[in-house]
Amino acid sequence: MLKIKRVYEKAKEDDGYRILIDRLWPRGLSKEKAEIKYWAKEIAPSNNLRKTFHRGGINFDEFKELYIKELNSNQEGKAFLEIIDLKLKEGDITLLYGSKNEKNNNGLVLKDWLEEHL
C-alpha cells in the first residue's frame, strides 16, 4: 500500500518503507527521529516551482499541472518508479512531506502520479 503523511507525525510500524519526498530537509527534525529510509529529493518539485507555490504565485491546480510536467520529464522518474514498485512488493511505503497543508501538497500529486504509472 502507498500512503502519504507529514514527516513531523510520529513514525509508526505500519508506515513501512519511509521516503522523504521534499527537496529540503524538514526544519527542526533530526534524522534519527524522522526514521527515513530514503530521501528522494531528486523527485521533489524544483526549487522555483516550490517557492512560487508557497509564496502564492500559483494555485494548487497550477502547481499540480506543473509538477506533473516536471515528473514526466525528470530523468530520475523512471528509477524512482522502479524503486517504488520493488519496495511495494516487500510491503507498505509512506511518502513523507513537510508542508503544513494536508490538502494541497506535493505528496498528493506524487502519490497520484505514482499510482497512475505503476
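The values are calculated or read from the model by the stated rules, or taken from the named source; none is laboratory data. If you're wondering where the values come from, they're calculated on a predicted model, not measured in any experiment. For neighbour counting, all protein chains shown are included, and Cβ atoms are generated from backbone atoms with ideal geometry for every residue, glycine included.
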TODO: Could you grab me the full set of residues in segment 90-113 that are charged (D, E, K, R) and under 19 Å from D15 (Cβ atoms)?
DONE: E90, D92, E102, K111
Task: Yes/no for I68 being touching a residue at least 12 places away in the same chain (Cβ under 8 Å), among the hydrophobic types (A, V, I, L, M, F, W, C) and touching a helix residue (DSSP H, G or I) at 6+ places or on another chain (Cβ under 9 Å) - done: yes
Open item on the list: Checking the condition within 15 Å of L114 (Cα to Cα), in contact with a Ser or Thr (Cβ under 6 Å, 6 or more places away or on another chain) and of a type in the set (D, E, K, R), which residue from K3, K69, K64 passes?
Closed with: K3
Task: Members of segment 63-118 that are of a type in the set (S, T, N, Q) and in contact with a strand residue (DSSP E or B) (Cβ under 9 Å, 6 or more places away or on another chain) - done: T94, S99, N105, N106
TODO: Select from segment 12-25 the residues that are farther than 23 Å from L49 by Cα and modelled with pLDDT of 95 or more and write down the one among them that is surrounded by the most Cβ atoms within 10 Å (Cβ to Cβ).
DONE: R18
Task: From the options L95, L110, L81, residue that is in contact with a helix residue (DSSP H, G or I) (Cβ under 8 Å, 6 or more places away or on another chain), in a strand (DSSP E or B) and within 24 Å of M1 (Cα to Cα) - done: L95
Open item on the list: Quick check on my filter: what residues within segment 33-63 are hydrophobic (A, V, I, L, M, F, W, C), in contact (Cβ under 8 Å) with a residue 40 or more places away in the chain and assigned to a loop (DSSP other than H, G, I, E, B)?
Closed with: I36, A40, A44
Task: Residue list for segment 90-104, filter: without any contact (Cβ under 8 Å) to a residue 60 or more places away in the chain and either of a type outside the set (D, E, K, R) or surrounded by 15 or more Cβ atoms within 10 Å (Cβ to Cβ) (or both) - done: N101, N104
- [ ] Please work out which residue is farthest from S46 (Cα to Cα), limiting yourself to segment 8-31 and to residues that are among the charged types (D, E, K, R), touching a residue at least 12 places away in the same chain (Cβ under 8 Å) and in a loop (DSSP other than H, G, I, E, B).
- [x] R27
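Here is a yes/no grid of residues against (1) touching a Gly at 6+ places or on another chain (Cβ under 9 Å); (2) at pLDDT below 95; (3) at positive phi; (4) hydroxyl-bearing (S, T, Y):
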site	(1), (2), (3), (4)
K31	no, yes, no, no
I58	no, no, no, no
L66	no, no, no, no
I93	yes, no, no, no
N105	yes, no, no, no
Open item on the list: Looking only at residues that are of a type in the set (S, T, Y) and surrounded by fewer than 13 Cβ atoms within 10 Å (Cβ to Cβ) in segment 26-84, which one is nearest to G16 (Cα to Cα)?
Closed with: S30
